[in-house]
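*Asks:* Mind having a look at this structure? Questions to follow.
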Amino acid sequence: MKSLIDIVDLSIQELQLLIETAKDISQNPAKYHHMCDTKTLATLFFEPSTRTRMSFEAAMFELGGNVISMSSAGSSSAAKGESVADTAKIVSCYADIIAMRHPKDGSAYVAASNASVPFINGGDGGHCHPTQTLADLLTIDREKGRLHDLTIGLCGDLKYGRTVHSLISAMCRYENIRFVLISPEELKVPDYVIRVLQNSGIPYSETADLEGALPQLDILYMTRIQKERFADADEYERLKNSYVLNTEKMKLAKADMAVLHPLPRVNEISVAVDADPRAAYFRQALNGKYMRMALILKLLSDAGKLQLPATVPLAKGAKGADEKQLKLIPGRYVCANPRCITTTEQELPQIFFEAEEDGQTVCRCLYCEEKVER
């Protein structure tokens with residue numbers, strides 16, 4: 001595996017290797033200070049970012065490598081109309097590894113398909129955010145001591161929340177996981193994510209009641225209502241204050257529940273909650289740096305540029321790796337998702353795949369996974 005587009009690109013063994021490597025990095029940082037001497041990371045961020053971009057850059061610097069950066073679409077040839085595919089080809093000439101964030105769903109697939117060096121998805125629209133999920137997994141492991149036997153509440157924007165989508169895909173591969181999906185009706189989890197839960201046999205419930213859900217949770221994963229994902233400003237204004245976690249609500253939770261948040265927060269977690277030892281979101285941000293260091297090492301190792309252990313034993317509570325098997329269908333349909341990369345990318349072929357869902361064969365866009373009406 002030389003690129004990371006979706007969290008399911010990583011097997012359970014590879015996830016465990018990254019977690020163990022990240023733990024070792026945190027405990028023995030000097031051991032890794034020269035691992036990436038002479039290597040260069042390119043960070044391409046077409047959307048604003050603090051944690052993801054800076055943690056990638058800090059990760060590469062702490063490994064002894066170099067960073068070249070493009071901090072906005074306006075500062076690159078994208079402003080002149082250059083495609084994602086061409087950008088990936090060009091930047092591959094200058095860097096050993098690429099990390100990219102882009103507002104279009106499926107942009108990571110296009111970039112990885114055209115890059116000639118390892119590629120990392122730093123978030124593609126509302127679709128996936130696998131490196132945030134790596135930070136989440138390390139945080140859950142460190143806070144709870146396990147990645148199995150957990151009830152996880154996901155609260156807020158579950159429709160556009162790419163971090164939520166990736167975390168569900170990852171945690172479905174561990175034993176005895178249950179999800180409580182907490183959101184307004186308008187921001188419920190998309191059907192392609194529900195399909196992941198159903199196909200994995202993972203129990204889940206959907207509710208709008210945060211207070212009612214809190215007492216049963218081992219993990220509460222809060223998310224902000226994302227203004228930038230809304231086409232309708234009035235809808236955002238109506239929904240933006242749907243959930244606010246405060247100290248009174250925290251009294252309803254288990255004494256050892258951990259609160260995670262991919263950040264940034266707006267007002268969905270009161271600042272007063274920061275003093276609660278169950279508030280893990282700033283520790284989560286630090287874990288993100290360690291996991292991105294481990295990932296850079298892993299991908300450069302897979303590309304033959306570094307030597308690392310190939311694998312580790314299967315983690316306790318893991319179900320084992322599952323394989324994505326897709327029957328691809330070129331050009332028969334058109335994706336109607338306005339956020340899909342196919343709406344803007346030059347001459348990008350429409351490609352779809354068939355999947356069995358609820359006893360029926362459905363067709364989905366390869367890039368954004370939205371269902372296509374036949």
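The values are calculated or read from the model by the stated rules, or taken from the named source; none is laboratory data. For clarity, every value in this text was computed on a predicted model and none was experimentally measured. Please note: Cβ atoms are built from the backbone with ideal geometry, for glycine as well, and neighbour counts cover all protein chains shown. With ligands, DNA and RNA removed, areas are computed over all heavy atoms of the protein, side chains included. Shrake-Rupley method; radii C 1.70, N 1.55, O 1.52, S 1.80 Å.
*Asks:* Can you name the condition, by its number, that residue 181 falls short on among (1) in contact with a Cys (Cβ under 9 Å, 6 or more places away or on another chain); (2) at pLDDT below 95?
*Replies:* (2)
*Asks:* A further question follows. Could you please find all residues in the range 199-224 being of a type outside the set (Ser, Thr, Tyr) and in a helix (DSSP H, G or I)?
*Replies:* 199, 210, 211, 212, 213, 214, 215, 216, listed by residue number.
*Asks:* If you don't mind, another one. I'd like the residue in the range 32-64 that is in a loop (DSSP other than H, G, I, E, B) and β-branched (Val, Ile, Thr) and, out of all such residues, is farthest from the chain's Cα centre (by Cα).
*Replies:* The extreme case among them is 38.
*Asks:* Just checking, does the range 178-195 include any residue being under 25 Å from residue 287 (Cβ atoms), surrounded by 19 or more Cβ atoms within 10 Å (Cβ to Cβ) and touching a Ser or Thr at 6+ places or on another chain (Cβ under 6 Å)?
*Replies:* yes
*Asks:* Quick one: residue 158 ticks every box in (1) part of a loop (DSSP other than H, G, I, E, B); (2) of a type in the set (A, V, I, L, M); (3) touching a Phe, Trp or Tyr at 6+ places or on another chain (Cβ under 6 Å) except a single one, so which number is it?
*Replies:* (3)
*Asks:* Turning to a different aspect of this structure: From the list 41, 18, which one is farther than 14 Å from residue 65 by Cα, touching a residue at least 24 places away in the same chain (Cβ under 8 Å), surrounded by 17 or more Cβ atoms within 10 Å (Cβ to Cβ) and not polar (S, T, N, Q)?
*Replies:* Answer to the check: 18.
*Asks:* Can you tell me which of 46, 56 is among the aromatic types (Phe, Trp, Tyr) and open to solvent by 20 Å² or more (accessible area, probe 1.4 Å)?
*Replies:* Going through 46, 56 in turn, the sole match is 46.
*Asks:* What is the one condition in (1) out of contact with any helix residue (DSSP H, G or I) (no Cβ under 8 Å at 6 or more places or on another chain); (2) of a type in the set (D, E, K, R); (3) surrounded by 16 or more Cβ atoms within 10 Å (Cβ to Cβ) that residue 51 does not satisfy?
*Replies:* Of (1) out of contact with any helix residue (DSSP H, G or I) (no Cβ under 8 Å at 6 or more places or on another chain); (2) of a type in the set (D, E, K, R); (3) surrounded by 16 or more Cβ atoms within 10 Å (Cβ to Cβ), only one is false for residue 51: (1).
*Asks:* Looking at the range 317-361 only, could you name the residues that are open to solvent by less than 20 Å² (accessible area, probe 1.4 Å), modelled with pLDDT of 85 or more and touching a strand residue (DSSP E or B) at 6+ places or on another chain (Cβ under 6 Å)?
*Replies:* Hits for the range 317-361 are 335, 340, 352, 353.
*Asks:* To continue, here is another question. Looking only at the range 79-103, filter to residues that are at pLDDT below 95 and over 25 Å from the mean Cα position of the chain (by Cα); which one of those is most open to solvent (accessible area, probe 1.4 Å)?
*Replies:* Of everything passing the filter in the range 79-103, 80 is most open to solvent (accessible area, probe 1.4 Å).
*Asks:* With the checklist (1) within 30 Å of residue 244 (Cβ to Cβ); (2) open to solvent by 20 Å² or more (accessible area, probe 1.4 Å) in hand, flag the one item residue 170 doesn't pass.
*Replies:* Answer for residue 170: the failing condition is (2).
*Asks:* Another question, then. For residue 126, all conditions in the list (1) within 20 Å of the chain's Cα centre (by Cα); (2) at pLDDT 95 or above; (3) part of a loop (DSSP other than H, G, I, E, B); (4) not acidic (Asp, Glu) hold save one; what is the number of the exception?
*Replies:* Of everything listed in (1) within 20 Å of the chain's Cα centre (by Cα); (2) at pLDDT 95 or above; (3) part of a loop (DSSP other than H, G, I, E, B); (4) not acidic (Asp, Glu), residue 126 misses just condition (2).
*Asks:* Same structure again: Provide a single number: the residues in the range 119-145 that are in contact (Cβ under 8 Å) with a residue 24 or more places away in the chain and on the phi > 0 side of the Ramachandran plot.
*Replies:* Here the count works out to 2.
*Asks:* Only one of 69, 113, 76 is modelled with pLDDT under 95, over 16 Å from the mean Cα position of the chain (by Cα), surrounded by fewer than 18 Cβ atoms within 10 Å (Cβ to Cβ) and closer than 30 Å to residue 27 by Cβ. Can you tell me which?
*Replies:* Being modelled with pLDDT under 95, over 16 Å from the mean Cα position of the chain (by Cα), surrounded by fewer than 18 Cβ atoms within 10 Å (Cβ to Cβ) and closer than 30 Å to residue 27 by Cβ holds for just one of 69, 113, 76, which is 69.
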